[in-house]
Amino acid sequence: MSSSVTTPIETAESTTAVVLPRRRRRGDGDAENDTRRTNWWATALIAVCSLTVIIPLYLAVAVALKTPGQLSGGTGFELPWPINWGNFAIAWERTDFPQALMNTAIITVGSVVFTLFTSSLVAYALARNIHRPFFKGVFYYLLAALFIPFPIIMLPLVKQTSILGLDNPAGMIVLYTIYGLSLNIFIYTAFIRSIPIELEEAARMDGASTWRVFRQIIFPLLMPMNATVGILTCVWAWNDFIMPLVVLTSPSDRTLSLAQYVFQGQYNTDYTVAFASYLMAMAPLLIVYIFSQRWVISGVMRGSIK
């Protein structure tokens, strides 16, 4: 009767044989190297496209810091020297900037809040009942509004807002919420239909109502679309000119876009003060985006891994 005994040397040799690294083959690192390559065509295209934003922004800053004499003596692209900060003070006074800023902020914030709530709720009802003829008809009816130009309904809108007493910031919030339904519902509906229905069925089996399902399950998953719709509505309400022009009647309710219209004259335009006013109107929206971009990106990432 024989027995085999494994010596430490044999154990070490067998262990060494197991942990020996595999010989690297040609092409193993191609995938890694591909990720480090620079697409120079795409980089050049991005650089050229960025000039369409950088050049106008530089021109606006340069003109806002010049005197009328400096502007008339060159092309406008020269560096402003000496710098004239007085244009911003003049623009602050002529536009009554604090009041116009407050009106614009109230309209913009109210429009974004009401738009996110109403558009997502209506889109949820349509997306989960799109197989029914009535809801399908409502969906296509709302989409048809995308093809109606605003100038066609501008005059009836002025008359109706005057009769209903909506020629004020509150009426502007209502109008932005209503006129944004078409595009926002189109965006929300496509996303909601990609959410598995099993999540809602499981919640209803636990006794959750439709409102609770929407509030605790659907709406948190809509963060990417909320960010998209919120940004679109915010930029639209902040920069819009034509709707406040035809709807608002009181001078104390004018927005920043209307306040800047005082620099446009029949025979002359004060470009230096006007550009200073444009920068002042753009700054709050830019600051809001800088501080909120991490929440926007976080919402997009959360939605992508839902």
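Pairing residues of the range 134-149 that are within 16 Å of residue 178 (Cα to Cα) with residues that are assigned to a helix (DSSP H, G or I) and among the aliphatic types (A, V, I, L, M), at Cβ distances under 7 Å and at least 6 apart in sequence or on separate chains, gives 138/126; 139/126; 142/181; 142/185; 146/183.
Restricting attention to the range 186-198, the residues that are over 15 Å from residue 230 (Cβ atoms) and surrounded by 19 or more Cβ atoms within 10 Å (Cβ to Cβ) add up to 2. Look at the range 41-61: where a residue is in contact (Cβ under 8 Å) with a residue 40 or more places away in the chain and a partner is not aromatic (Phe, Trp, Tyr), sitting 6+ places away or on another chain with Cβ atoms under 8 Å, you get 60/279; 61/279. Looking at 138, 122, 113, 48, just one residue is under 29 Å from the mean Cα position of the chain (by Cα) and within 21 Å of residue 239 (Cα to Cα), and that residue is 113.
Which residues, counting only those in the range 179-196, are more than 20 Å from residue 244 (Cβ to Cβ) and not hydroxyl-bearing (Ser, Thr, Tyr)? Selection gives 184, 185, 186, 187, 190, 191, 192, 193, 195, 196.
Checked against (1) of a type in the set (S, T, N, Q); (2) closer than 24 Å to residue 91 by Cβ; (3) modelled with pLDDT of 85 or more; (4) buried (at least 19 other Cβ atoms within 10 Å of the Cβ), residue 226 passes all but condition (2).
Of all residues in the range 229-257, those that are surrounded by 15 or more Cβ atoms within 10 Å (Cβ to Cβ) have Cβ atoms under 6 Å from Cβ atoms of residues that are assigned to a loop (DSSP other than H, G, I, E, B) and of a type in the set (Asp, Glu), 6 or more apart or on another chain, in 247/167. Quick check, is residue 154 of a type outside the set (Ser, Thr, Tyr), buried (at least 16 other Cβ atoms within 10 Å of the Cβ) and either part of a helix (DSSP H, G or I) or modelled with pLDDT under 90 (or both)? It is false that residue 154 is of a type outside the set (Ser, Thr, Tyr), buried (at least 16 other Cβ atoms within 10 Å of the Cβ) and either part of a helix (DSSP H, G or I) or modelled with pLDDT under 90 (or both).
So that you can scan it fast, the table gives a plain yes or no per residue for (1) under 16 Å from residue 259 (Cα atoms); (2) within 31 Å of the chain's Cα centre (by Cα):
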{"position": "53", "(1), (2)": "no, yes"}
{"position": "58", "(1), (2)": "no, yes"}
{"position": "65", "(1), (2)": "no, yes"}
{"position": "75", "(1), (2)": "no, no"}
{"position": "95", "(1), (2)": "yes, yes"}
{"position": "107", "(1), (2)": "yes, yes"}
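In the range 222-242, what residues are more than 12 Å from the chain's Cα centre (by Cα), under 17 Å from residue 117 (Cβ atoms) and part of a helix (DSSP H, G or I)? Listed by number, the list holds a single entry, 223.
The values are calculated or read from the model by the stated rules, or taken from the named source; none is laboratory data. Source: prediction; values computed, not measured. Every residue, glycine among them, receives a Cβ derived from its backbone with ideal geometry; neighbour counts consider all protein chains shown.
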